[in-house]
Structures are given as structure tokens and as C-alpha cells.
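Okay, so here's the structure we're looking at.
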Amino acid sequence: MGFAIAWVAVSGKQPERVLEELELTRTGATEDFPEAKLSCAALPGSWFLVFAHDYDSPIVSARSLVNLSAGCQVIACQVEEHVMAAAAFAYADGALLWRVEHEAEQGIYHLSASGSPPPQLDEIHASLKKQQDEEGGADAEVDFIFDVPVALAESIVGYRHDRDTAASFEVLRQEGAAPSGRAWWKIW
């Protein structure tokens with residue numbers, strides 16, 4: 001089974017404000033690795049992370065990221081290993097700065113970038129392209145280019161969804177949601 005996740009990391013805004021803007025509430029429950037549908041963690045440095053087990057989570061919608069990035073910096077990442085799609089984005093002060101995406105369905109070497117990605121993108125891409133070439137290119141059993149957006153986001157925030165971290169995650173719930181996670185009108 002593969003990952004289908006999304007996360008957003010915020011620097012320059014208080015964690016409680018981030019959660020309020022995303023309409024999320026702390027539950028008090030903690031976990032060493034994010035297994036709950038929604039969780040958060042303070043990362044080393046100045047980043048506050050909100051993690052979702054949902055590739056298309058509302059936390060990484062363009063509208064959410066524009067609003068959330070008002071007065072701060074936001075890095076977001078999406079990973080869908082079932083179709084080998086990954087994306088990373090940066091927003092600041094309500095504007096998209098850059099976006100980098102890989103979709104294996106468009107070809108093993110597919111990588112699109114828009115805006116002004118950070119300079120480390122070139123090095124990350126060259127390194128992973130070299131690995132792809134060495135493993136057989138388009139005929140390889142591994143998709144190394146998939147890792148480009150993930151590695152780029154990690155290079156900025158210091159977090160990667162598939163590696164252990166010293167951070168402790170706190171389980172979140174959506175405001176107004178029943179504790180079970182089901183909407184109140186679906187409880188009966």
C-alpha cells in the first residue's frame with residue numbers, strides 16, 4: 001500500500017492561528033508517526049506542520065493556501081503513490097510563489113515547474129534524473145522523478161512523510177465534526 005497524503009508547513013504564524021484558519025481543533029491525543037486522518041507537529045526551526053491522510057485534502061487547496069499564507073510563508077506537499085503523482089508549492093503573503101509537479105501518467109520523466117522555484121530544484125532534479133537514467137530510464141521499475149517535489153519540500157522544511165522524525169504529532173479534528181469524525185447528521 002502506498003501513501004496518499006498532503007501536508008502544509010507554515011513559518012511566521014502562530015500554530016493556534018494556523019489551526020483556527022484551517023478550522024481544525026486539537027484533541028490532546030498524540031502519536032509518534034502521523035496515523036490519524038489529521039494531525040499537527042512543531043518541527044525543528046520555525047515550521048508548524050499540519051498533516052492529512054488525503055491527497056486532495058482541503059488544507060492544500062489553492063484557496064486555503066492563499067488565505068493561510070497571508071503574512072507568512074507556506075510550503076505544501078502532496079503525494080499519491082498509487083499513481084505516482086507528487087507536488088510541492090510555496091505561497092507567501094497570499095500569493096503562489098512556485099509549484100513543482102510530477103505525474104507519472106504523463107511520462108516517467110515528467111516534471112513541471114512554474115513561478116520561481118528555489119535554486120536547489122536544479123540540483124535535486126539532476127541527481128534524481130541521473131538515478132532514473134542509471135536504472136533504465138523510462139523502462140525502470142522505479143520512478144525517481146516522483147521524488148523531486150518531495151525532496152524539494154523537504155529541503156526547505158526539513159520534513160518528509162516517509163521518514164522518522166523527532167517531532168511528536170497531535171491528532172486534530174475538523175471543527176464542528178462529531179468526535180467520531182462523522183458528521184452529526186450521519187451518527188444515527
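At-a-glance table
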read-out: Matching option when the condition is more than 18 Å from HIS82 (Cα to Cα), polar (S, T, N, Q) and surrounded by 16 or more Cβ atoms within 10 Å (Cβ to Cβ), among SER168, SER155; value: SER155
read-out: Matching entry among PRO44, PRO34 (being crowded, with 21+ Cβ neighbours inside 10 Å, assigned to a loop (DSSP other than H, G, I, E, B) and not basic (Lys, Arg)); value: PRO34
read-out: Residue list for region 5-31, filter: among the β-branched types (Val, Ile, Thr) and assigned to a strand (DSSP E or B); value: ILE5, VAL8, VAL10, THR25, THR27, THR30
read-out: Wholly enclosed strands (runs of 3 or more DSSP E) of region 65-177 bearing at least 1 residues among the aromatic types (Phe, Trp, Tyr) and free of Cβ contacts under 8 Å to residues at least 24 places away in the same chain; value: 95-103
read-out: Residue within region 34-47 that is within 14 Å of the chain's Cα centre (by Cα) and small (Gly, Ala, Ser) present; value: yes
read-out: One residue from GLN132, GLN106, GLN120 being surrounded by 19 or more Cβ atoms within 10 Å (Cβ to Cβ), of a type outside the set (A, V, I, L, M) and either over 17 Å from the mean Cα position of the chain (by Cα) or modelled with pLDDT under 95 (or both); value: GLN132
read-out: Count of region 1-22 residues which are among the charged types (D, E, K, R) and more than 18 Å from the chain's Cα centre (by Cα); value: 3
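The values are calculated or read from the model by the stated rules, or taken from the named source; none is laboratory data. Keep in mind that this is a model prediction, so the values were computed, not measured. All Cβ positions, even for glycine, are placed from backbone atoms using ideal geometry, and neighbour counts span all protein chains on display.
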